[in-house]
Amino acid sequence: MSVWMPLSRPTLGPQEERNVADALSSGWISGTGPYVERFEAAVSAHVGRGHTVAVSSGTTALELVLAALGVGPGDEVIVPALTFAAPAAAVCTVGATPVLCDVSSTDWTLDPAAAAALVTARTSAVIAVDLLGHPADYSRLASLGVPVIEDAAQAHGAVLAGRPAGSFGDISIFSFHANKAVTTGEGGGVCTDDTELADRVRLLGNHGMTAERPYWHEVAGRNARMTNLTAALGLAQAERWGELVAGRMRADARYGIGLAPLGLGTRPVRVGASPSCWLHTVVTDPGTRDLLVSALRRASIDARAVWPALTELPRYRGFAPHTCPVAEQVSRSCAWLPTWSDITDEEIATVLAEVATGVEELRLSARDL
Ligand SMILES: *Cc1c(COP(=O)(O)O)cnc(C)c1O
């Protein structure tokens, strides 16, 4: 048995180690300290936003943004049916109702026409996910007439109309989980140009108080701060943002070239969008997908089927006013292959060889039928 190849892995170097050691020896290890501010400034610079608030996770970032926009019980928030579940979960956490919307077959992001049909008097926001690094269609989503939250958790380095992912919508969020392109281990960020909204997010995530007036709690806040220790790691990562993004895109391109002759596709791209890559996504039919994932896992490669559509999960399916056939079709026919920024050509070649063997076995067994 060969060693297990993970689905993803963080790309960490000596600067990350130096920063963490420095934060540790300084004694500033909680949610106050110089690395937090420096990390926030570095993220703002990459995203082209006026403000970044570093927080404890991407999911927490979504909850704080919803709370800061005043979204709560009685409100509806439109979310895509195909995504990691955090956007729908965050809507539930603040007491509002997620409304599941299908994705578009042109790019697999929130379908603006389908979303328009779901807007009601209670719709108080829409969360668009830059799925697998592909920015949603923000110019069309802007005309929905409700606040747009960009979930750029998977889209570090993606570009749309010359602007970076994370710069769209009224406010955006990032995740810096260890499997994302830029990581702090666990962590998240909220980015916006709206100073009042940024202040509100910071207030809500800092016990409901401001740095200027300790113990004066204006609202019942929570503690969602990123630690200085975490931000130290994040700053080193943010300084190599471009390199980390480029590494994953290179892996994505190599996989694409290697898989095409095997009859396997890649995800669609909308004209005008320049997606980045979170994980390389293989597109095939549901039967081939399931068999390929099992074959790769037997070969000690952590390939995975993409998430079930939210319309297929018992906890969320009641939130879909209409069916979401595109989300379900994509969910059933796609799989992820191991992807990280410094994955080697040999590692990619190993995965491709196992995929080729799997596809060949499938052909042989189909012929026997
Ligand atoms: C990873 C992810 C999140 C959640 O981020 P965490 O930091 O893991 O809480 C939210 N939305 C999307 C689309 C994600 O991929």
Given H placed on each backbone N at 1.01 Å, which residues far from R270 in sequence or on other chains put an amide H within less than 5 Å of it?
-> none
Assign unit charges at the C-beta atoms only (+1 for Lys and Arg, -1 for Asp and Glu), then state the dipole size of the stretch 133-245 relative to its Cα centre in Debye, rounded to the nearest 20.
-> 220
Sorted from fewest to most neighbouring beta carbons within 10 Å, what does the list D199, D75 look like?
-> D199, D75
If W278, W28, W216 are placed from fewest to most neighbouring beta carbons inside 10 Å, the sequence is W216, W28, W278
Arrange the peptides 310-323, 165-178 so that the one whose residues have, on average, the most other Cβ atoms within 10 Å appears first.
-> 165-178, 310-323
Nearest 0.05, what FRET efficiency do S25 and E243 give at R0 = 41 Å with Cβ-Cβ as r?
-> 0.95
Gap in Å between the Cα centre of the stretch 208-234 and the Cα centre of the stretch 245-288?
-> 40
Mean Cβ-within-10 Å packing, highest first, puts peptides 183-191, 245-253 in the order 183-191, 245-253
Using only Cα atoms, what is the ratio of the radius of gyration of the chain to 2.2 N^0.38 Å?
-> 1.00
For T210 and R18, FRET efficiency with R0 = 30 Å and r from the beta-carbon atoms, rounded to 0.05?
-> 0.40
So what J values fall out for the stretch 95-102 if you push phi through Karplus, 6.51 cos²θ - 1.76 cosθ + 1.60 with θ = phi - 60°, rounded to Hz, Gly and Pro as x?
-> x, 8, 10, x, 10, 6, 10, 5
Of P214, P34, P164, which has the largest mean-square fluctuation in a 10 Å C-alpha GNM of the chain?
-> P214
Residues in the stretch 244-264, backbone N under 19 Å from the label point at A353 (7 Å along the Cα-to-beta-carbon vector): list them, ranges by number please.
-> 254-262
Can you put C334, C92 in order of Cβ neighbours within 10 angstrom, beginning with the fewest?
-> C92, C334
Just from its helices, what would the mean residue ellipticity at 222 nm be for the chain, if runs of 4 or more DSSP H residues each count -39500 (n - 2.57) and the sum is divided by every residue, rounded to the nearest 500 deg cm²/dmol?
-> -12000 deg cm²/dmol
Dipole magnitude of the chain about its Cα centre, charges +1 at Lys/Arg Cβ and -1 at Asp/Glu Cβ only, in debye to the nearest 20?
-> 280
Counting only C-alpha contacts under 8 Å and six or more residues apart, can you give the relative contact order of the stretch 94-188 as a whole percent?
-> 19
Mind checking which of A161, L110, G145 is farthest towards the positive end of the stretch 9-167's charge dipole, using Cβ charges of +1 (Lys, Arg) and -1 (Asp, Glu) about the Cα centre?
-> A161
Relative to the longest principal axis of the C-alpha atoms of the chain, give the angle of the C-alpha long axis of helix 241-259, reported between 0 and 90° and rounded to the nearest 10°.
-> 20
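Every number here is computed from the coordinates shown, using simple stated rules; none is lab data. For clarity, every value in this text was computed on a predicted model and none was experimentally measured. Cβ sites come from the backbone with ideal geometry, for glycine too, and all protein chains shown count toward neighbours.
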